[in-house]
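**Q** This is the structure I have questions about; it appears just below.
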């Protein structure tokens with residue numbers, strides 16, 4: 001299991017055997033079942049999570065009780081409520097398992113200590129956060145400038161492996177459309 005995250009990290013930085021050992025020593029394995037919540041709105045979030053197996057969604061519920069999916073996370077991705085994690089405020093997101101999941105968790109204090117002791121992890125997490133920011137920005141710009149069909153095609157092209165793993169209503173929610181619209185778009189494309 002630790003080899004999965006070490007392979008993930010090695011795509012960005014090179015670690016010595018001692019650094020690898022120190023890194024994996026701070027990881028906590030978590031197993032959750034489908035529909036189980038990893039984070040609930042209002043929680044204080046002290047962990048950053050790496051997905052070893054499974055798929056999760058991060059969503060926001062507005063004042064009218066409408067859910068808005070902001071992110072999916074599957075194998076080799078990270079997930080948390082980063083506003084809560086970094087700013088010590090209650091979580092505004094709920095993170096729920098869409099499949100049975102195995103995660104590796106890093107406590108905030110352990111991650112901060114890791115960044116001090118092994119500075120190359122600063123680069124690793126900076127690159128991960130930068131890529132997440134760029135992806136979120138691209139998604140916002142796409143939702144502002146593209147029609148629903150274009151957004152669906154973009155989603156399918158960027159995340160083809162998610163198409164058959166998550167419910168259609170989750171995909172529709174992520175795209176900001178109704179499930180009926182998603183069905184119509186798919187029929188048009190066939």
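The values are calculated or read from the model by the stated rules, or taken from the named source; none is laboratory data. Because the structure is a prediction, the values reported are computed rather than measured. Positions of Cβ are generated from backbone atoms using ideal geometry, with glycine treated the same way; all protein chains shown enter the neighbour counts.
**Q** Please go through region 39-53 and pick out each residue that is outside any loop (DSSP other than H, G, I, E, B) and touching a residue at least 60 places away in the same chain (Cβ under 8 Å).
**A** 47, 48 - these are the residues of region 39-53 that are outside any loop (DSSP other than H, G, I, E, B) and touching a residue at least 60 places away in the same chain (Cβ under 8 Å).
**Q** While we're on this one: Would you check which residues across region 7-25 are surrounded by 14 or more Cβ atoms within 10 Å (Cβ to Cβ) and either touching a strand residue (DSSP E or B) at 6+ places or on another chain (Cβ under 6 Å) or assigned to a helix (DSSP H, G or I) (or both) and list them?
**A** 8, 9, 19, 20, 22, 23, 24
**Q** Being surrounded by fewer than 13 Cβ atoms within 10 Å (Cβ to Cβ) and touching a strand residue (DSSP E or B) at 6+ places or on another chain (Cβ under 8 Å), is that true of even one residue in region 152-167?
**A** Yes, region 152-167 contains at least one residue that is surrounded by fewer than 13 Cβ atoms within 10 Å (Cβ to Cβ) and touching a strand residue (DSSP E or B) at 6+ places or on another chain (Cβ under 8 Å).
**Q** Additional query: Being in contact with a helix residue (DSSP H, G or I) (Cβ under 9 Å, 6 or more places away or on another chain) and crowded, with 20+ Cβ neighbours inside 10 Å is the filter; apply it to region 26-46 and report the residue that is nearest to residue 73 (Cα to Cα).
**A** It comes out as 39.
**Q** Also, quick follow-up: Find the residue count for region 94-115, including only residues that are out of contact with any helix residue (DSSP H, G or I) (no Cβ under 8 Å at 6 or more places or on another chain) and closer than 23 Å to residue 167 by Cβ.
**A** The total comes to 9.
**Q** Going by the structure shown, is residue 147 modelled with pLDDT of 90 or more, more than 16 Å from the chain's Cα centre (by Cα) and exposed (fewer than 13 other Cβ atoms within 10 Å of the Cβ)? If you could, list the steps in order and put the result at the bottom.
**A** Working: modelled with pLDDT of 90 or more: yes; more than 16 Å from the chain's Cα centre (by Cα): yes; exposed (fewer than 13 other Cβ atoms within 10 Å of the Cβ): yes.
Answer is yes for this residue.
**Q** Residue by residue through region 156-169, note down the ones that are assigned to a helix (DSSP H, G or I) and more than 18 Å from residue 187 (Cα to Cα).
**A** Selection gives 158 alone.
**Q** Among the numbered criteria (1) touching a helix residue (DSSP H, G or I) at 6+ places or on another chain (Cβ under 7 Å); (2) buried (at least 17 other Cβ atoms within 10 Å of the Cβ); (3) part of a helix (DSSP H, G or I), which one does residue 139 miss?
**A** For residue 139, the exception is condition (1).
**Q** Sort out which residues of region 113-136 are under 16 Å from residue 20 (Cα atoms) and either part of a helix (DSSP H, G or I) or touching a residue at least 12 places away in the same chain (Cβ under 8 Å) (or both), and write them in order of number.
**A** Those that are under 16 Å from residue 20 (Cα atoms) and either part of a helix (DSSP H, G or I) or touching a residue at least 12 places away in the same chain (Cβ under 8 Å) (or both): 113, 114, 115, 116, 117, 118, 120, 121, 122, 123, 124, 125.
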